[in-house]
Amino acid sequence: MQHLPDYVHEPQALAGQTIHCSCGLTHTIHTQKIVLAPGAIHQSLESGLSGTPLIIADTHTWAYAPASFHSLPHYILSHDPILADEYTLGDLLIEASVQSVDYLIALGSGTIGDSVRFLASTLHKPFVNICTAPSMDGAASQHSPLIHHQFKTTYPAAAPYAIYFDLDIMAAAPAPMLAAGLADIEGKHVATLDWYIGHLVTGEAYCEPIRDLTMASVALCEQYCDGLAAREPQAVRALATSLLLTSLAMQLNVTSRPASGMEHLISHAWENYAIRQGLSPHLHGDKVGLGTLIACDVYHAFFHTVKMPQQERYAPLVRHWNELTEKADALYALKPLIRERIAKAGGPVTLSALGISRQAAVYGFQHMTDGRPRVTIAHLIKELQLEEAIYPSVLESIL
Ligand SMILES: [Zn+2]
Ligand SMILES: [Zn+2]
């Protein structure tokens, strides 16, 4: 049996691992090479993949391309705004089809990584993910959040063959991206508790070593996050390591469950609202940070006001009520700390600071469980028709 949390100090060692876990399941990392280092981009042509790559970038990320990239086939997305949507994917599909390509290289986190991950799985080509911004934790993901018909949803995609986290590039990222990365990490306090609740209610698999790995990576990030505003190298490294590890935790678990709960659901609903209204998108992590602060209040309200009905579905929750109330109280006690850390890094801690209107916020509360079957605290509130009892006061405190 392998003890996963040791990997917090050496995420590269997870590459290609098959882990016979104490939870009874076997977990696999399909990514064969992981490099997290200053100047990592310069090693990215030595991933072990052979043949001709097609490098996909945008005008911002192409500025990081080393000289060795310039003579290779490349495509620089230049429309505005670049979203992971039908237009970008159609554009890339045409480009990748007319070139003789053996594998793809995504030069850029976020939209480019999400698009190339889906394209690679569609074309049955391996891909290399070069991460340039420490703003979200999707690097190792096997899923792509895509916008289709003005609605963002998650599609199965390919895990990257190799991942490069270039700490030099990340340290130079705009300050709001560092704050957003930290806020995405803070969301794991909620996500892991939602995972446990879902496990109790539905019996879905719950792996404690993967949960522990996720939370150990959160602790690493929090240990150094005071230095993020000043871009201290140790703080940037800890944040990048934490984002990489949580993305690997998702690959180990095959789903985003270890890293995504109610705080992500509400952020996705706000995003869909913004897409439909034609508003410019906010950074993913910023919304997740606000969703996390909201979830702290929601958990507290739920476990201090609700009397569970006598139904078989809820019996495991009733049995674990004291334990869950303690966890909800611990989460609530963390809220001021989480808020302070995000604020110190320069991230938004109110909806108005991010430009989310009351109307958009309400939409988020109303639609966060739409089409998302995985049980979270938000699902229990909906099932028990407790929205009006819990959400209005929570909303007032975050506007
Ligand atoms: Zn396990
Ligand atoms: Zn996230």
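No value in this document is a laboratory result; all are computed from the given coordinates. Since the structure is predicted, the reported quantities are computational estimates derived from the model, not experimental observations. So basically every Cβ, Gly included, is an ideal-geometry build from the backbone, and we count neighbours across all protein chains shown.
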So if I restrict to the alpha-carbon atoms in the stretch 72-153, what is the Rg, and what is Dmax, the biggest pairwise distance, in Å?
12.0, 35
Can you divide the C-alpha Rg of the stretch 54-119 by 2.2 N^0.38 Å and report the result to two decimal places?
1.01
For helix 111-123, what angle does its Cα long axis make with the longest principal axis of the chain, in degrees from 0 to 90 and rounded to 10?
70 degrees
Residue of Ile381, Ile82, Ile94 that the Gaussian network model of the chain assigns the largest fluctuation, springs spanning Cα pairs under 10 Å:
Ile94
Among 357-363, 257-263, 70-76, 123-129, how do they line up from the highest to the lowest mean number of other beta-carbon atoms within 10 Å?
257-263, 123-129, 357-363, 70-76
Where the Cα atoms of the stretch 161-276 are projected onto their three principal axes, how long is each span, largest first, in whole Å?
44, 39, 31
Along each principal axis, Cα extent of the stretch 154-218, largest first, Å
44, 27, 23
Semi-axis lengths (Å, descending) of the ellipsoid that matches the C-alpha gyration tensor of the stretch 18-90
30, 19, 12
Is there a quick way to get the dipole size of the stretch 264-317? I mean about its Cα centre, with the Cβ of Lys and Arg at +1 and of Asp and Glu at -1; what is the value in debye to the nearest 20?
120 debye
Given N residues in the chain, what is Rg(Cα) / (2.2 N^0.38 Å)?
0.96
Antiparallel bridges, percent of DSSP beta bridges restricted to the chain (to nearest 5):
30 percent
I'd like the orientation of helix 321-345 relative to the chain: the angle between its Cα long axis and the longest Cα principal axis, in ° from 0 to 90, rounded to 10.
50 degrees
Determine the percent antiparallel among the DSSP beta bridges restricted to the stretch 31-171, to the nearest 5.
20 percent
Given the candidates Leu104, His74, His124, the one whose Cα lies deepest towards the positive end of the charge dipole of the stretch 31-171, counting +1 at each Lys or Arg C-beta and -1 at each Asp or Glu C-beta, is His124
Can you give the Rg/Rh ratio of the stretch 334-380, where Rg is from the C-alpha atoms and Rh is the Kirkwood radius?
1.08
1/(1 + (r/R0)^6) with r = Cβ-Cβ of Glu86 and Ser357, R0 = 35 Å, i.e. FRET efficiency to nearest 0.05, evaluates to 0.80
Could you pull out the pairs from Lys188/Lys307; Lys33/Lys152; Lys188/Lys335; Lys125/Lys152 whose alpha carbons sit more than 22 Å apart here?
Lys188/Lys307; Lys33/Lys152; Lys125/Lys152
On C-alpha positions alone, give me the angle between the axis of helix 358-367 and the longest principal axis of the chain, in degrees, nearest 10.
90 degrees
Share (percent) of C-alpha pair distances in the stretch 121-191 greater than 20 Å works out to 44 percent
Considering only C-alpha atoms, what is the centroid distance from the stretch 32-96 to the stretch 120-171, in Å?
11 Å
Just from the alpha-carbon atoms, what are the Rg and Dmax of the stretch 1-122 in angstroms?
16.8, 49
